[in-house]
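Have a look at the structure below before the remarks.
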């Protein structure tokens, strides 16, 4: 992964405009995920984001491996507390709200809820989003979700149902589309 960051081979030049276009750089890890993630963050994001140029979206899949309700990886903690800036988007994915640390939950702009069940999930979703949202979340079909945003716009509801996964769902592995 670091060789890609150094060589910048994840960039390609647009044939028409000549501008550089960043391509997704997907990184996996081996060994201690906490140390690996800390090294990644130190490489990409200088302290306090000073000297950071450009725009980036960092998607942390299965972020439960880096946090719990009681602990959070120091690098992830730094990101979620310092990254609410226009040039940096941090997206975290996990299966249940109970996996999240309060540092992450307190700075969320949006939350995408897929089908969940169980009394603990009910309590957490209801506390954050309301009973009306829970009633929908517990019955969602596969790959459908509720998009919930925390910023209020007057009397508008704060959520919408995403019920057309064919427009946005992309299987990661062969066979995931079945």
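Some observations on this one:
- The range 95-113: number of residues that are closer than 19 Å to residue 165 by Cα, in contact with a strand residue (DSSP E or B) (Cβ under 9 Å, 6 or more places away or on another chain) and exposed (fewer than 15 other Cβ atoms within 10 Å of the Cβ): 2
- Scanning the range 110-127 for residues being part of a helix (DSSP H, G or I) and touching a residue at least 12 places away in the same chain (Cβ under 8 Å) gives a total of 5.
- Options 158, 117, 92; residue that is over 26 Å from residue 24 (Cα atoms) and either in contact with a strand residue (DSSP E or B) (Cβ under 6 Å, 6 or more places away or on another chain) or surrounded by 15 or more Cβ atoms within 10 Å (Cβ to Cβ) (or both): 158
- Selection within the range 87-106 - over 12 Å from the mean Cα position of the chain (by Cα) and either without any contact (Cβ under 8 Å) to a residue 24 or more places away in the chain or closer than 18 Å to residue 71 by Cα (or both): 96, 97, 98, 99, 101, 102, 103, 106
- Listed by position, the helices (runs of 4 or more DSSP H) contained in the range 1-84 that have at least 1 residues being within 19 Å of residue 107 (Cβ to Cβ), in contact with a helix residue (DSSP H, G or I) (Cβ under 9 Å, 6 or more places away or on another chain) and modelled with pLDDT of 85 or more are 33-44, 74-82.
The values are calculated or read from the model by the stated rules, or taken from the named source; none is laboratory data. Just so it is clear, the structure is predicted and the values come from calculations on it, not from any experiment. All Cβ positions, glycine included, derive from the backbone under ideal geometry; neighbour counts span all protein chains shown.
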